[in-house]
Amino acid sequence: MSSRHWLVFSLLSAILLATVLTSATIGPVSIDLPTVARAATNAVGVPVGLALESEHAGLFGVEFSLPVPSVEYRYPFAFDVPETSETIVRQIRLPRIVLGAVVGFALAAAGTVMQGFFRNPLADPSIIGVSSGAAVGAVAAIVFTVALPLPAMAFAGALLAAFGVYAIATQNGETPVATLLLAGVAVQTFLGAVISYMLVQSGESLREAVFWLMGHLHNSTWAEVEATLPVAVLAVGVLYAYAHDLNVLLMGEADAHALGIEVERTKRILLALASVVTAAAVAVTGVIGFVGLVVPHVMRLLVGPDHRILLPTSALAGASFLVAADTLARSGAAEVPVGIVTAAIGAPFFLYLLRRREVHTV
């Protein structure tokens, strides 16, 4: 990285930290920033053990147990914080804020990869049906009261949709990008019809299903953070290892092959990892739009198209953006789903970029 890129990276990290701490001060009970900082520091835990716990689930009338990992932590800090303030910050606000940061990090990173993969500035993490698949799984869990956890159903639905699109578009071991894009559009349309049918049949579950589809961070827990964070960090870390290959793919598949890139293998890895990180995000929050579409555009204007710089900076910016959007969503007289806020901010801003001719091919 050049000194300018390091400056941008450091600035984005500082903005993320400031956004997280400021967000934790805002709510029905106002808490000053020093108290929030001490409570947040107390919440920093060091993993010291891992155990497996059994969780009961069921599917189609068959009950079974699933092994669920449980992490044990040691908390090395113990700053003096009023008990009420510590409970509010550590158990109510921080899980929501941290989950928002993780999801924004994941969606922005996946959107960056998808735009480079498809060489299309309108690509986003849902372009191959991941969000629609997650929505089918989640709505099915809500409407038909499946005993499997809703996030597990959403995650499974997202991956099935993504890899189904890939299987449809692949012929003779090759996956043309244009065919993949069209297959994604077709599958999204079909899954949209499935979702609409289930909503019609949902009865009293309609409100819960629609609320999930809007995208939210309501009632977030540390367990959701623990489930999402490792997947997001590991997947984005591997994607970063392929940033150079993604840069070469921007030149075209023929040129990439001539330069020694295993094109089809690289495409499979990029697609699989972007799908997994998107699935992990939407499984716990519902469908949150525009984070993976607008944030990579803005960062591309600031740092350029090199994915070795663009990917980590977009991920950090996405984390800050979603935390700020969720803070706005819960700051009014009545809380609204964060997906409404991101769409209300993202759509006009994207139109502004279009009017300024700042949306280019990648």
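The values are calculated or read from the model by the stated rules, or taken from the named source; none is laboratory data. What you are looking at is a predicted structure, and each value in this text was computed from that prediction instead of being measured. Every residue, glycine as well, gets a Cβ built from its backbone with ideal geometry; the counts of neighbours run over all protein chains shown.
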Exercise. In the set LEU311, LEU353, which member is surrounded by 15 or more Cβ atoms within 10 Å (Cβ to Cβ), more than 17 Å from the chain's Cα centre (by Cα) and within 20 Å of MET114 (Cβ to Cβ)?
Worked result: LEU353
For this session: Restrict the check to the stretch 253-273 and report whether at least one residue is exposed (fewer than 14 other Cβ atoms within 10 Å of the Cβ), of a type in the set (Lys, Arg), at pLDDT 90 or above and assigned to a helix (DSSP H, G or I).
Result: yes
For this session: Quick one: which residue in VAL287, VAL295, VAL282 is in a helix (DSSP H, G or I), touching a residue at least 60 places away in the same chain (Cβ under 8 Å) and within 18 Å of GLY129 (Cβ to Cβ)?
Result: VAL282
For this session: Scan ALA343, ALA315, ALA347 and give me the residue that is assigned to a helix (DSSP H, G or I), small (Gly, Ala, Ser) and within 25 Å of ALA227 (Cβ to Cβ).
Result: ALA315
For this session: Evaluate the stretch 142-158: report whether one residue or more is among the hydroxyl-bearing types (Ser, Thr, Tyr), crowded, with 23+ Cβ neighbours inside 10 Å and either within 20 Å of the chain's Cα centre (by Cα) or at pLDDT below 90 (or both).
Result: no
Problem set entry | Members of the stretch 169-180 found to be part of a helix (DSSP H, G or I) and either surrounded by 17 or more Cβ atoms within 10 Å (Cβ to Cβ) or at pLDDT below 90 (or both), listed by number | ALA169, VAL177, ALA178, LEU180
Exercise. If you go through the stretch 236-247, how many residues are assigned to a helix (DSSP H, G or I) and either touching a Ser or Thr at 6+ places or on another chain (Cβ under 9 Å) or among the polar types (S, T, N, Q) (or both)?
Worked result: 4
Seminar exercise, completed: Picked from the stretch 318-339 (must be not aliphatic (A, V, I, L, M) and not in a helix (DSSP H, G or I)), the residue farthest from GLY104 (Cα to Cα) is GLY332
Exercise. Quick one: is ALA317 under 19 Å from the mean Cα position of the chain (by Cα) and either within 21 Å of VAL233 (Cβ to Cβ) or crowded, with 22+ Cβ neighbours inside 10 Å (or both)?
Worked result: yes
Exercise. Does the stretch 228-246 hold any residues that are of a type in the set (A, V, I, L, M) and crowded, with 21+ Cβ neighbours inside 10 Å, and which are they?
Worked result: ALA232, ALA235, VAL236, LEU239, LEU246
